[in-house]
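Trainee: Take a look at the following structure, please.
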Amino acid sequence: MNLICTICARAGSKGLKNKNFLKLFGISLLDRCIKQSLQISKIKNIVVSSDAKAIKKIKNKKILYLKRPKKLSNDKTGKIEVIRHAVKEAEFFFKKKYDVIMDLDVSSPLRKKSDILNCLRLFKKSNSQNLITICKARKNPYFNMIESKNKKFDYVKKIDRKILRRQDAPKVYEMNASIYLWKKNFLNKSIKLFSKKTVCYEMPYSRSIDIDNENDFKIVKTFMRKKT
């Protein structure tokens, strides 16, 4: 398996300003993510894609710091487009081809090295086209989630039987956006994160928090402080 890891760190953020470059106990979220990827020996190369004007670089011959073009740096750009671009540039730079792509999310610092290794094992064993990480959903669309339809509210999902307790509703999961894996051919032809060809790796909530706002940042900081 010729594996490359992409790390996407766009400058700016609507939910939390410059969240990818915020420091937790003296280390930025971006640097935490890069250092964790360097711990995985199966990763041949790492490409960091960012539109930030300046990044303090960790010097390592395995890493390519890539300046992301403007057309891939706006709020409407999908992450898969960015990953495809990063892989293409990395293949040209390192003069090699990759058959598996891993993406580690910068805003998921509670992820453990063992999660990454377990994902790689599951991906290989399942022979799936891609892998996503999930956690048990804190809200259930069959029980306590509603949506607006034609100015009226109704359950997101309906079921024939009555559900009086959340525990009786069908089990649902959230994509926690922590780790993604793709076979390169599948990544190049599909923009879907989840399909019938996807295998899922479950992580606990305590390692699934994706920093999107100030409250998330405080919660992650609390979890990290307890661990140390």
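The values are calculated or read from the model by the stated rules, or taken from the named source; none is laboratory data. Small disclaimer: the values here were computed from a predicted structure and weren't measured. Cβ atoms come from the backbone with ideal geometry, glycine included; neighbour counts cover every protein chain shown.
Trainee: Would you confirm, using the coordinates I've provided, whether Lys19 is loosely packed, with under 14 Cβ neighbours inside 10 Å and either of a type outside the set (Asp, Glu) or touching a residue at least 12 places away in the same chain (Cβ under 8 Å) (or both)?
Mentor: Spelling it out, it is not the case that Lys19 is loosely packed, with under 14 Cβ neighbours inside 10 Å and either of a type outside the set (Asp, Glu) or touching a residue at least 12 places away in the same chain (Cβ under 8 Å) (or both).
Trainee: Hey, could you check region 174-199 for residues that are surrounded by fewer than 16 Cβ atoms within 10 Å (Cβ to Cβ) and among the hydrophobic types (A, V, I, L, M, F, W, C) and say which is farthest from Lys136 (Cα to Cα)?
Mentor: Filtering first and then ranking leaves Ile191.
Trainee: While we're looking at this one, here's another question. Is one or more of the residues making up region 47-55 of a type outside the set (D, E, K, R), modelled with pLDDT under 95 and under 18 Å from Ser107 (Cβ atoms)?
Mentor: Yes, some residue in region 47-55 is of a type outside the set (D, E, K, R), modelled with pLDDT under 95 and under 18 Å from Ser107 (Cβ atoms).
Trainee: Are there any pairs with C-beta distances below 7 angstrom linking a residue in region 152-174 that is within 25 Å of Glu202 (Cα to Cα) to a residue that is assigned to a strand (DSSP E or B) and charged (D, E, K, R), with the two at least 6 apart or on different chains, and if so which?
Mentor: Val156/Glu147; Tyr173/Lys136
Trainee: Applying the selection to region 65-82, what residues are outside any strand (DSSP E or B), in contact (Cβ under 8 Å) with a residue 12 or more places away in the chain, under 20 Å from Lys53 (Cα atoms) and out of contact with any Cys (no Cβ under 7 Å at 6 or more places or on another chain)?
Mentor: Residues satisfying the conditions are Arg68, Pro69, Lys70, Leu72, Ser73, Asp75.
Trainee: Now for a separate question. Assigned to a loop (DSSP other than H, G, I, E, B), among the hydrophobic types (A, V, I, L, M, F, W, C) and in contact (Cβ under 8 Å) with a residue 12 or more places away in the chain: which single residue out of Leu193, Leu181, Leu187 fits that description?
Mentor: Leu193
Trainee: Out of curiosity, is Leu117 modelled with pLDDT of 95 or more, out of contact with any Ser or Thr (no Cβ under 7 Å at 6 or more places or on another chain) and among the aliphatic types (A, V, I, L, M)?
Mentor: yes
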